[in-house]
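Heads up, the thing below is written out as structure tokens.
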Amino acid sequence: MTTELPPTIDPPAAARWAQLRTTTSPWLHEEVARRMEDRLQWIKLQPQAWAHWEPVRGGLEAHAKLTARYPNSECYVVEAHAEQAQVAIQSVAKPWWSPGRWSAAAQHAQLPPDGSVQMLWANMLLHSAADPQALIAQWHRALAVDGFLMFSCLGPDTVQELRGVYQAQGWPLPGHQFTDMHDWGDMLVHAGFAEPVMDMERIRLTYESPARLLQDLREVGRNLHPQRFAGLRGRQWRAQLEQALATQLADAAENGRLPLTFELIYGHALKPQPKLRVSAHSAVSLRDMRDMLQRGKQGGV
């Protein structure tokens, strides 16, 4: 398994995007989260605690749905900025006069302690990580044994229409290359997850104008490619881009609306019981030893 960083993501650009403050969630992210949340009906485990990684950008409506699904479960809200974490927490807070305010499970604006949560939720995040394997490893540490990960991200066929427009104009790529779902599965196994289940679907959106299309793209992400345009472009370039979109997407237009395709990848994986590697000299962490002893008691050993 390679440990190289994604070759088409510029780490400083990815860091700037991750640090960018926002108080709203893109419509597309909310829709993806709704579809992913629907899959939880097939999972019987009721977590005592769960973590939501970047809920503001990932979906505030989704945060409310998950809180309602697990009303008695503590939640750890992980955001780059403390005030942004509070946006998510306050979005589900009961009014001060409501009796439910005093019985609601706690929501913490912090990283979860290692091995403390039974579910970790990360919607539309992984594709913009400059070091995705480090992020996946962090998720693995946060999960308790037998806990599970739910995540989604963009796949390689995303915005192929836009890539075609840029190529026809002789411009640099409009975005970095997205990772295939099979490679995500390999990374999960490499990090220590078990039974990864990966699947994908495509959503085809249509827009009334190039300006509306570009507005949606700006909410969803940024161009993180190292060979992207250097510096800012002016109004003349923006007008040229909108004209190119209107012209080159016209053949595929539906009732005059401009199409754009998003490939969505969904992933689910479990954190298994750690395996003891036997050698002449074996070292086992205290946490792993405690987990193995606890499993032995449950099995009647």
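Computed values, structure above
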quantity	calculated
Simple spin-label estimate for ALA137 and LEU214 in nanometres, 7 Å along Cα-Cβ	4.0
Candidates PRO11, PRO113, PRO259, ranked by Gaussian network fluctuation over the chain, Cα under 10 Å, top entry	PRO113
Per residue accessible area in Å² of the chain, where ligands, DNA and RNA are left out and the probe is 1.4 Å	53
FRET efficiency for GLN169 and ASP199, using Cβ-Cβ distance with R0 set to 51 Å, rounded to 0.05	0.90
Pairwise Lys count, the chain - Cα closer than 30 Å, eight or more residues apart or different chains	9
Of all accessible heavy-atom area on the chain, the percent that carbon and sulfur account for (1.4 Å)	53
MRE, 222 nm, helices only [DSSP H, n ≥ 4, -39500 (n - 2.57), over the chain, to nearest 500]	-11500 deg cm²/dmol
Trypsin sites (Lys or Arg not before Pro) within region 26-114: DSSP coil, no more than 11 neighbouring Cβ in 10 Å	LYS44
Distance in nm between pseudo-label sites at ALA80 and ALA68 (7 Å out along the Cβ direction from Cα)	3.0
Top positive-direction residue, dipole computed over the chain with Cβ charges, set LEU213, TYR70, LEU126	TYR70
Residue among TRP171, TRP139, TRP42 with the largest mean-square fluctuation in a Gaussian network model of the chain, springs linking Cα atoms under 10 Å	TRP42
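The values are calculated or read from the model by the stated rules, or taken from the named source; none is laboratory data. Small disclaimer: the values here were computed from a predicted structure and weren't measured. As a convention, Cβ positions derive from the backbone with ideal geometry for all residues, glycine included, and neighbour counts pool all protein chains shown. For the accessible areas, the whole protein counts, side chains as well, though only heavy atoms, and no ligand, DNA or RNA atoms are used. Shrake-Rupley method; radii C 1.70, N 1.55, O 1.52, S 1.80 Å.
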